[in-house]
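S.K.: Let me begin by handing over the structure; questions about it come next.
The values are calculated or read from the model by the stated rules, or taken from the named source; none is laboratory data. Bear in mind the structure is a predicted one, so any value in this text is a computation, not a measurement. We place every Cβ from the backbone using ideal geometry, glycine too, and count neighbours over all the protein chains shown.
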Amino acid sequence: MSDIYDLIIVGAGPAGLTAAIYARRAELKVLLIERNYISGGQIINTYEIDNYPGMPGLSGMDLATKMSEHADKYEPGKVTADITALELDGDIKKVVTDKGTYESRALILATGNSPGKLGVRGEEELAGMGVSYCATCDGAFFKNRTVAVVGGGDVAVEDAIFLARGCKKVYIIHRRDELRAAKTLRTALFACDNVEPVWNSVVKEISGTDMVEKVIVTNVKDGSETELLVNGVFIAVGNVPNASYIKGGQDPDALKPGELLLDAKGYVIAGEDCASNIPGVYAVGDLRSKPLRQVVTAVADGANAVYSVEKYLAGV
């Protein structure tokens with residue numbers, strides 16, 4: 001491609017769309033690259049989002065549509081393509097896709113992450129209909145109901161504690177006979193009288209007609225199966241950054257030119273200004289290494305990153 005953009009944004013979830021809005025309002029020449037034909041990232045699969053300020057009760061698809069329409073108002077360039085590689089070791093950044101190579105002076109990476117999946121029957125079919133990967137997003141919809149949390153780490157235990165405050169009963173399903181979470185979290189969890197651990201067990205199947213109705217678990221020691229009647233299943237077995245196209249590592253001294261500094265889980269290390277270790281390259285939203293990943297933190301990243309991009313392009 002002969003055109004060189006001021007900014008390429010890779011990914012059109014809340015962070016990427018916000019970045020596109022801010023960048024076009026700053027009159028930058030922008031290209032937005034998204035692999036899916038529908039923008040919005042993970043929120044398009046969320047039945048209802050009740051914690052985004054000013055828009056309570058809005059479906060994930062509706063919020064994604066509003067954000068996408070807002071971005072389209074400013075007419076950024078748009079391409080639907082899969083990213084295959086990045087070339088970041090020069091002043092001009094190159095994004096290699098299955099539709100061609102695009103060049104820019106600055107680059108925002110906004111490809112997010114994907115929740116770790118169980119890979120069991122019913123998981124995909126009931127996603128958004130009782131199967132959730134975010135307790136803080138969806139927990140309020142299960143007040144006074146029975147739910148299950150799958151996992152044994154810090155996030156799973158934090159989710160179970162959070163859910164126990166409003167749910168009638170919370171099962172926590174773990175493949176071992178003790179949790180991996182921090183001791184303080186374990187203590188807090190077992191202080192909840194409506195939490196019941198299901199030890200040495202894995203989920204075999206999640207079932208229901210239109211909504212989750214039960215989960216079938218298998219005991220890993222004796223092979224026995226148990227049915228748990230639940231209204232929701234919260235899966236907390238980790239997340240995976242959508243970063244297969246990124247070259248990088250954890251040791252800053254071992255990085256080659258053009259490689260990004262990553263944390264132990266593969267997320268791009270960047271501060272609140274969203275700047276990575278490579279000048280002109282920024283990471284936002286769920287791809288950035290940070291403690292809280294929500295729609296509201298993603299849109300904040302999008303705004304902060306463009307502010308940083310403007311200063312970078314101006315040589316400030």
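S.K.: If only one of Leu63, Leu32 is more than 24 Å from Gly315 (Cα to Cα), among the hydrophobic types (A, V, I, L, M, F, W, C) and within 21 Å of the chain's Cα centre (by Cα), which one is it?
M.R.: Leu63
S.K.: Going residue by residue through segment 42-64, is there one that turns out to be in contact with a helix residue (DSSP H, G or I) (Cβ under 9 Å, 6 or more places away or on another chain), surrounded by fewer than 19 Cβ atoms within 10 Å (Cβ to Cβ), part of a helix (DSSP H, G or I) and not aromatic (Phe, Trp, Tyr)?
M.R.: Yes.
S.K.: Can you pull out the residues in segment 179-220 that are free of Cβ contacts under 8 Å to residues at least 12 places away in the same chain and not hydrophobic (A, V, I, L, M, F, W, C)?
M.R.: Lys183, Thr184, Thr187, Asp193, Thr209
S.K.: Restricting to segment 162-187, and then to whatever is modelled with pLDDT of 95 or more and among the hydrophobic types (A, V, I, L, M, F, W, C), can you tell me which residue is nearest to Gly223 (Cα to Cα)?
M.R.: My answer is Ile173.
S.K.: Also: Can you tell me which residue among Ala160, Ala182 is hydrophobic (A, V, I, L, M, F, W, C), surrounded by fewer than 16 Cβ atoms within 10 Å (Cβ to Cβ) and under 24 Å from the mean Cα position of the chain (by Cα)?
M.R.: When all the criteria are applied, what remains is Ala182.
S.K.: Name the residue, out of Gly119, Gly112, that is free of Cβ contacts under 8 Å to residues at least 24 places away in the same chain and under 30 Å from Lys204 (Cβ atoms).
M.R.: Gly119
S.K.: I'd like to check something: does segment 286-294 contain any residue that is surrounded by 17 or more Cβ atoms within 10 Å (Cβ to Cβ), outside any strand (DSSP E or B) and among the hydrophobic types (A, V, I, L, M, F, W, C)?
M.R.: There is at least one residue in segment 286-294 that is surrounded by 17 or more Cβ atoms within 10 Å (Cβ to Cβ), outside any strand (DSSP E or B) and among the hydrophobic types (A, V, I, L, M, F, W, C).
S.K.: Please specify each residue of segment 299-312 satisfying the condition of being in contact with a helix residue (DSSP H, G or I) (Cβ under 9 Å, 6 or more places away or on another chain) and either more than 11 Å from Glu272 (Cα to Cα) or surrounded by fewer than 22 Cβ atoms within 10 Å (Cβ to Cβ) (or both).
M.R.: Correct list: Val299, Ala300, Ala303, Val306, Tyr307, Val309, Glu310.
S.K.: Identify the single condition in (1) in contact (Cβ under 8 Å) with a residue 60 or more places away in the chain; (2) surrounded by 17 or more Cβ atoms within 10 Å (Cβ to Cβ); (3) over 17 Å from Asn239 (Cα atoms) that Ile92 does not satisfy, given that it satisfies every other one.
M.R.: (2)
S.K.: Return yes when Gly77 is among the small types (Gly, Ala, Ser), assigned by TED's automatic domain parsing to the domain that holds Val202 and touching a residue at least 24 places away in the same chain (Cβ under 8 Å) and no when it is not.
M.R.: For Gly77, the condition - among the small types (Gly, Ala, Ser), assigned by TED's automatic domain parsing to the domain that holds Val202 and touching a residue at least 24 places away in the same chain (Cβ under 8 Å) - is not met.
S.K.: Which residue out of Val284, Val316, Val309 is at pLDDT 95 or above, over 22 Å from the mean Cα position of the chain (by Cα) and among the β-branched types (Val, Ile, Thr)?
M.R.: Residue meeting the stated conditions: Val309.
S.K.: Can you tell which of Glu87, Glu103, Glu69, Glu75 is over 16 Å from Gly11 (Cβ atoms) and crowded, with 17+ Cβ neighbours inside 10 Å?
M.R.: Glu103
S.K.: Right, something else. From (1) touching a residue at least 12 places away in the same chain (Cβ under 8 Å); (2) surrounded by fewer than 19 Cβ atoms within 10 Å (Cβ to Cβ); (3) hydrophobic (A, V, I, L, M, F, W, C), pick out the condition that doesn't hold for Cys167.
M.R.: Tallying (1) touching a residue at least 12 places away in the same chain (Cβ under 8 Å); (2) surrounded by fewer than 19 Cβ atoms within 10 Å (Cβ to Cβ); (3) hydrophobic (A, V, I, L, M, F, W, C), Cys167 fails exactly one: (2).
S.K.: Answer with yes or no whether Ile278 is at pLDDT 95 or above, touching a Pro at 6+ places or on another chain (Cβ under 8 Å) and surrounded by 16 or more Cβ atoms within 10 Å (Cβ to Cβ).
M.R.: When the stated conditions are applied, Ile278 does not pass them.
Residue by residue, here is whether (1) in a strand (DSSP E or B); (2) touching a His at 6+ places or on another chain (Cβ under 9 Å); (3) in contact (Cβ under 8 Å) with a residue 24 or more places away in the chain holds:
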residue	(1), (2), (3)
Asp222	no, no, no
Thr226	yes, no, yes
Val233	yes, no, yes
Tyr245	no, no, yes
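S.K.: Give segment 71-95 a look and list any residue that's within 19 Å of Tyr37 (Cβ to Cβ) and in a loop (DSSP other than H, G, I, E, B), or say none.
M.R.: Glu75, Pro76, Ala81, Asp82, listed by residue number.
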